[in-house]
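Okay, structure first, notes after.
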Amino acid sequence: MERRLRFADLQAANIVKNRVTLKNWIEQLGFPPGQLTGPNTRTWGESEIQQWVDNRPTAPKPTPVRKSSAVAVRAKRMHMKAEMVPRPAPASTGSEPPETNAVGERQWSSSKPPIPR
């Protein structure tokens with residue numbers, strides 16, 4: 001009789017780490033769905049798991065080559081140009097400190113009197 005493996009056995013054998021990954025493998029990668037042997041228990045035959053492991057590809061994934069997109073290059077150039085251009089002085093807001101006249105009284109440059117505090 002074939003030995004039946006539970007989820008804990010799959011974890012102990014380093015086949016799968018969590019239930020979400022197991023569910024995704026069953027749906028997308030052809031992992032054997034196993035059998036429900038109880039209301040909350042799923043088991044797999046040892047031979048079907050070994051067959052799935054043996055048929056998996058063994059070559060490592062190729063390292064992806066990062067290409068700099070035209071948008072990223074353009075943004076970098078714009079940033080470099082912005083650093084080189086001197087910034088203009090800020091515009092007058094009308095809240096400059098008051099000037100004093102010959103007598104020493106404060107005179108505001110705008111036509112509105114200052115707001116009392």
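Read the figures in this text as sums done on the coordinates, not as results from a lab. Keep in mind the model is a prediction, meaning the values are calculated, not measured. All Cβ positions, glycine included, derive from the backbone under ideal geometry; neighbour counts span all protein chains shown.
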Relative contact order for the stretch 4-55: what percent, with Cα pairs under 8 Å and sequence separation of 6 or more?
39
For Arg42, other-chain or 5+-apart residues with amide H closer than 5 Å (H placed, Pro excluded) are Phe7, Thr37
Taking the Cβ of Arg42 as the center, what net charge do the other residues with Cβ under 13 Å away carry, scoring Lys and Arg +1 and Asp and Glu -1?
+2
